[in-house]
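In what follows, a single structure is set out as structure tokens and then discussed.
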Amino acid sequence: MNIGHLLFPGVTQLDLTAPLQAFSRVPGATTHALAKTLDAVATDCFSMLPTTAFGKCPRLDVLVIPGGPGVVEAISDEVTLTFVRSHAGSARMVASVCTGAFLLGAAGLLRGKRATTHWAYHELLPEVGAIPVRARVVRDDRFVSCAGVSAGLDGAFTMIAQLCGEDIARSIQLALEYDPAPPFKDGSPEKAEPEILERVRAEYGPRLQSMTGALARATRSAAPRLEERHARY
């Protein structure tokens, strides 16, 4: 089983590494950190070395698309979008984490599908033709989308259970001691104190504006091609 995780400049490292950590424990699975080349890629925390270049990527059973500030640039990168479309077409399961949903959407793969993303960007999902659902993990056929950042681990366990059986998923969860007990209740906008919520909303304001503009440009430039390719999925 080949599990591919997309690596691009400006990716949020936990979006990438949390699911990768879980999938790396799947018996018989090979995980791949996929990028255009094998050169180091700067995440939002530190640089990472890809393990597999696009041109050497084997057929994938699972393709995971993380998010991060770099999605704004990635959704207009035709090389990346072409790679995503190509491998999503044959993968058994395709997943997005956080704003990775918009990269899948820019590739034309979320039209008419139920999906979620980071709460700060949730209102933009219809811009890529997705049906917004407020949930930590949303599955629509072979497409799985996860809410913000840490939800990628929940999504990974959901997919492992589907692909390998619940016992394997539960065993890996125990091995990783994934038993969340956060010190604060501010992990979602519904639970956060008003002043905390407003502080984070203000932080995400410019990012939301950048994503809105990027999606508008990507949609205008890719509309004819997306209509043609949408029929394949």
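Key figures
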quantity	calculated
Residue match in segment 154-168 (condition: surrounded by fewer than 16 Cβ atoms within 10 Å (Cβ to Cβ) and either aliphatic (A, V, I, L, M) or within 13 Å of the chain's Cα centre (by Cα) (or both))	no
Those residues of segment 151-198 which are touching a Cys at 6+ places or on another chain (Cβ under 9 Å) and of a type in the set (S, T, N, Q), in sequence order	158
Failed item in (1) modelled with pLDDT of 95 or more; (2) loosely packed, with under 15 Cβ neighbours inside 10 Å, with residue 207 passing the rest	(2)
Filter pass, residue 42 being more than 30 Å from residue 165 (Cβ to Cβ), of a type in the set (Gly, Ala, Ser) and in contact (Cβ under 8 Å) with a residue 24 or more places away in the chain	yes
Matching residues in segment 17-42 - criterion: being crowded, with 20+ Cβ neighbours inside 10 Å and within 16 Å of residue 80 (Cα to Cα)	32, 34, 35, 41
Residues that are touching a helix residue (DSSP H, G or I) at 6+ places or on another chain (Cβ under 9 Å) and either at positive phi or not hydrophobic (A, V, I, L, M, F, W, C) (or both), drawn from segment 33-54	36, 37, 43, 44
Every pair of residues 6+ apart whose Cβ atoms lie under 6 Å, when the first sits in segment 14-39 and is modelled with pLDDT of 95 or more and small (Gly, Ala, Ser) while the second is buried (at least 20 other Cβ atoms within 10 Å of the Cβ) and assigned to a strand (DSSP E or B)	24/31; 29/3; 33/5; 35/41
Total residues in segment 54-83, condition exposed (fewer than 15 other Cβ atoms within 10 Å of the Cβ) and either modelled with pLDDT under 95 or under 26 Å from residue 218 (Cβ atoms) (or both)	5
Pick from segment 169-191, criterion touching a Phe, Trp or Tyr at 6+ places or on another chain (Cβ under 8 Å) and of a type in the set (Ser, Thr, Tyr), ranking: surrounded by the fewest Cβ atoms within 10 Å (Cβ to Cβ)	188
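The values are calculated or read from the model by the stated rules, or taken from the named source; none is laboratory data. Predicted model, so just to flag it, every value in this text is computed and none were measured. With ideal geometry, Cβ positions are generated from the backbone for all residues, glycine too; neighbour counts draw on all protein chains shown.
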